[in-house]
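Beneath this line is the structure, given in structure tokens, with notes to follow.
Please treat every number below as a calculation from the coordinates, not as lab data. Predicted model only: the values in this text are computed from it and were never measured. Positions of Cβ are backbone-derived with ideal geometry, glycine not excepted, and every protein chain shown enters the neighbour counts.
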Amino acid sequence: MLQRLERFMTRNDTEILLVHDEGENLIVRKLARKARRAGTAGSRFGTGRLSVPAKNLLDDPMPRDSRQSYFLQLADLVAFAAHRRIYPPPPRAVNIVPANMWDEIGSARLAPANYLSGGPSGLVTFPAL
């Protein structure tokens, strides 16, 4: 995720502030600081690793309780809709998030953040499906 954010920040000359759900605060901060100072990514052509530090992260990640943040609740919904687009829900009487929810989100998706789409519009899957 941090590699994709670094690519987005560099290509669009913008800064990002990470806001994440509470839980693994120390691990998230450690990973973000490491990405800022010594981020790496595999070469697209299999020739080793590239140094791509995430210099445009504004500050350390900020934890928030998702029960107290509509922004994080929306991010959870979008993430789960993306998951259900790749892995449809099993048959049941009531679906919490239907498989077509990702397509219904439409223009709320930030397409430039997913320029290497390996799956449905705006989704990058690993390993590629």
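Tabulated values for the structure
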{"read-out": "Residue order, fewest to most beta carbons within 10 Å, for Phe80, Phe45", "value": "Phe45, Phe80"}
{"read-out": "Sites Val52 and Asn25 - FRET efficiency at Förster radius 25 Å, r taken between beta-carbons, to 0.05", "value": "0.50"}
{"read-out": "5 angstrom amide H check on His20, placed H, neighbours 5+ away", "value": "Met62, Arg64"}
